[in-house]
1. Given the Cα-Cα distance of V38 and N174 and 0.36 nm per residue of separation, how much length would full extension add, in nm?
2. According to a simple spin-label model (label point 7 Å from Cα along Cα-to-Cβ), what is the distance in nm between E97 and T151?
3. Around G27, under 15 Å between beta carbons, what's the net of Lys plus Arg minus Asp minus Glu among the other residues?
4. Would you mind ranking M15, M47, M1 so that the residue whose beta carbon has the fewest other beta carbons within 10 Å leads the list?
5. Apply the Karplus curve 6.51 cos²θ - 1.76 cosθ + 1.60, θ = phi - 60°, to the phi angles in the range 53-65 and return the couplings in whole Hz, x for Gly and Pro.
6. Residue-wise, which Karplus ³J(HN,Hα) couplings in Hz belong to the range 101-107, taking 6.51 cos²θ - 1.76 cosθ + 1.60, θ = phi - 60°, and x for glycine or proline?
7. For the range 15-24, what does the Karplus curve 6.51 cos²θ - 1.76 cosθ + 1.60, with θ = phi - 60°, yield as ³J(HN,Hα) per residue in whole Hz, taken in order and with x for Gly and Pro?
8. Tell me, what is the FRET efficiency for E128 and S164 to the nearest 0.05, using R0 = 45 angstrom and their Cβ-Cβ distance as r?
Amino acid sequence: MLCRGHRMRTESEPMEVLHHPSPALKGRAREVDAASDVSLRDLVRAMAETMYDQNGVGLAAPQVGVDKRVIVFDVEDRLAALCNPVITEFGEETAVEDEGCLSVPGITVPVERSTHVVCSGHTIEGREITIEAEDLLARVLQHEIDHLDGTLILDRCPPDVRKSVIRAYNEANNL
Ligand SMILES: [Zn+2]
């Protein structure tokens, strides 16, 4: 997910972020075995560098062409990574906010999301963790986990503005 914001350096080089309509952004990414997959540490470092390089607050592995259920995010100056994240509880209260996406550049889309979620997953060391999230963090988690299931903000777009959003995207990207 895109946000104007700060930027932190890591020692990896940024990766190329795929844009809609890349087929890699569709479909369901594969679960990872965090305890045995030694490549995850490098992947997470490179994803974090890419996210900061593009002023993102979150990035999912399919956005850099990697078919793994891994996300990174940085809300309130804390970098975190989650493997196999699942939202286990969606709060009843929802809010509509404009979201941008590094894979859908040039536009923002109003998306309705729960303002409170509970998310469980694994750390890159394979430890189980549960996160209770509100507001921006809740929104970022829902946005990034959507990517793991091949869902983009264009798919979350309200029907009445969908046509104009897609037209704006195509114009912004010379499609
Ligand atoms: Zn996105």
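Every read-out reported here was derived from the displayed coordinates using simple, explicitly stated rules and does not represent laboratory data. Just so it is clear, the model here is predicted, and its values are computed rather than measured. Note: ideal-geometry Cβ built from the backbone for every residue, glycine included; neighbour counts use all protein chains shown.
1. Details: separation 136, 0.36 × 136 = 48.96 nm, distance 3.95 nm.
Net length gain for the segment: 45.0 nm.
2. 1.7 nm
3. 0
4. Exposure proxy ranking, most exposed first: M15, M1, M47.
5. Couplings: 4, 9, 6, x, 10, x, 8, 10, 3, x, 5, 10, x Hz.
6. Taking θ as phi minus 60°, the curve returns 8, 4, 8, 10, x, x, 9 Hz for the range 101-107.
7. 3J(HN,Hα) across the range 15-24, in whole Hz: 9, 7, 8, 6, 10, 3, x, 4, x, 5.
8. The pair E128/S164 has a calculated efficiency of 0.55.
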